[in-house]
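Just so it is clear, none of the values below were taken in a lab; they were calculated from the coordinates. Fair warning: this is a prediction, and the values are worked out from it, not measured in the lab. Methodologically, a virtual Cβ is constructed for each residue, glycine included, from the backbone with ideal geometry; neighbour enumeration extends over all protein chains shown.
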Amino acid sequence: MAQAQYAPAANQVGTTAISKDSTIIINWATEVIETNIGLMDIANSSGGNVNFGFPADALGVAEGSSTEIFSLGDNGFITLGFENPIKNGIGNDFAVFENSFSDDFLELAHVEVSTDGIRFVRFPSVSLTPTNTQTSSFGNTDPTKLYNLAGKYRQGFGTPFDLEDITDSTDINLDSINYVRVIDVVGTLNTNFCSYDSQGHKINDPYPTAFASGGFDLDGIAVLNENKFVGINEIESNSYQIYPNPSNETVNIYTKTNCEVDIISINGQFTQHYSLLKNEEVQINYLKNGLYLVYFTTNKKTFIKKLIVNQ
């Protein structure tokens, strides 16, 4: 278990690191869907949350610097959306960039993907870093002990992910990945708070990181394989509209035909169903502030729009 067996650091023979300037990158994340900022130290709630960067710093091209990033904190997460869906193509399909200042100071994160923003699937990961001693706040980690954990490479280089790794997952369309979620790994060996890989190993990474920029620092998510046919579906989906958006007490839902409409909260905990006759106004004053997905279903086809509620 202690043997090195995975890809080495950036610019070494056999590395899988993706440079932010690589010509294989065809797009970047364009939209912040949801954030949950973590504590500076998960074992000390009185210490407060991290507060470095803004969610929008994770959008667009990765800067490859130590500053233009969004810090997640212990067990914090961020969900990003894309102009066009990521698809399961040849080789790796997207890459996640962190801002490590060296090849072996590695703050790690789990990565999950979703088609509908409700059902997320986590990439299987492996951490073979020894767990007999806690990695200190600025301690070192060997990247060859890590697989499918974001943050494996230094700033300017992304960790790639291949959707082929989750082909047996249900309720997800590998040719239409609209959302990627990055979740900070809590590197403590304390069983009350620690994170585990897919094989049940504790993930040992720098801990504690009790400062404003603690935890995983997201610099960007690059798209390597994109669904180029999304434009065809988008034209048809323009026949289904919601306005105004953001909305508060009421929202107009427009369809060219009679349609079944479901409004679903981003976490899937709330669902409201309507059977609508073309253009109708519906009450939404019962909805809490936040992001919702509006599903239009007709003629055995489903289109999804985003609705922001701001009461």
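Using Cα pairs closer than 8 Å and at least 6 residues apart in sequence, work out the relative contact order for the chain, in percent. Let's see the in-between values first.
Values: 852 pairs, mean separation 66.9, N = 311.
That works out to 22 percent.
For the pair Phe101 and Asn11, what calculated FRET efficiency results from E = 1/(1 + (r/R0)^6), where r is the Cβ-Cβ distance and R0 = 25 Å, to the nearest 0.05?
FRET efficiency, Asn11 to Phe101: 0.95.
Report the charge-dipole magnitude of region 1-72 in Debye, nearest 20, computed about the Cα centre from +1 at each Lys and Arg Cβ and -1 at each Asp and Glu Cβ.
Rounded to the nearest 20 debye, it is 220 debye.
Which order results if Glu68, Glu249, Glu280 are arranged by neighbouring Cβ count within 10 Å, fewest first?
The order, fewest Cβ neighbours first, is Glu249, Glu280, Glu68.
Answer rounded, prolate or oblate for region 185-228, using the Cα gyration tensor with square roots of eigenvalues a ≥ b ≥ c: rounded when a/c is under 1.5, else prolate when a/b is larger than b/c, else oblate.
oblate
Can you tell which of Thr135, Tyr6, Ile24 lies farthest toward the positive end of the dipole of the chain, using +1 and -1 charges on the Cβ of basic and acidic side chains (Lys, Arg; Asp, Glu)?
Ile24
Would you please report the Å³ per residue occupied by the convex hull of the alpha carbon atoms in region 114-186? Could you put the intermediate results ahead of the total?
Working: hull volume 9.1 nm³, N = 73.
Measuring per residue, one finds 124 Å³ for the Cα hull of region 114-186.
Starting from the Cα of Gln134, step 7 Å along the direction of its Cβ; do the same at Ser198; then give the gap between the two resulting points in nm.
Each label point lies 7 Å from its Cα, and together they span 2.9 nm.
Can you tell me how much longer the chain between Gln269 and Leu189 gets when fully stretched, taken as 0.36 nm per residue apart minus their C-alpha distance, in nm with one decimal? Walk me through the numbers on the way to the answer.
Working: separation 80, 0.36 × 80 = 28.80 nm, distance 3.21 nm.
This chain segment gains 25.6 nm when fully extended.
Taking the Cα centre as origin and putting +1 on Lys and Arg beta-carbons and -1 on Asp and Glu beta-carbons, what dipole magnitude results for region 1-228, to the nearest 20 debye?
Rounded to the nearest 20 debye, it is 340 debye.
For Thr188, Thr67, what's the fewest-to-most ordering of other Cβ within 10 Å of each Cβ? Each step should come with its number before you reach the end.
Working: Thr188 23, Thr67 12.
Least to most surrounded, the residues fall as Thr67, Thr188.
May I ask you to sort Val126, Val182, Val13 by Cβ crowding, counting other Cβ atoms within 10 Å and putting the fewest first?
On the way: Val126 18, Val182 23, Val13 6.
Ascending number of Cβ neighbours within 10 Å: Val13, Val126, Val182.
Can you give the helix-only mean residue ellipticity at 222 nm for the chain, where every DSSP H stretch with n ≥ 4 adds -39500 (n - 2.57) and the sum goes over all residues, rounded to the nearest 500 deg cm²/dmol?
Mean residue ellipticity at 222 nm (helix-derived): -500 deg cm²/dmol.
Subtracting the Cα-Cα distance from 0.36 nm times the residue separation, let me have the gained length for Asp171 to Asp262 in nm, one decimal.
Details: separation 91, 0.36 × 91 = 32.76 nm, distance 1.71 nm.
31.0 nm is the gain from fully extending Asp171 to Asp262.
What lysines sit close enough to Lys256 to cross-link, taking a C-alpha to C-alpha distance under 29 Å and skipping anything fewer than 8 places away on the same chain?
The qualifying lysines are Lys228, Lys278, Lys288, Lys300, Lys301, Lys305, Lys306.
Beyond 32 Å, how much of the Cα-Cα pair distribution for the chain remains, as a whole percent?
Summing the P(r) tail past 32 Å for the chain gives 31 percent.
Between exposed trypsin sites (Lys or Arg not before Pro) in the chain, where DSSP calls loop and at most 15 other Cβ atoms lie within 10 Å, what's the longest gap?
1-118
Students often forget the sequence filter, so: which lysines lie under 25 Å Cα-Cα from Lys145 once same-chain residues fewer than 8 apart are removed?
Result set, ordered by chain and number: Lys20, Lys202.
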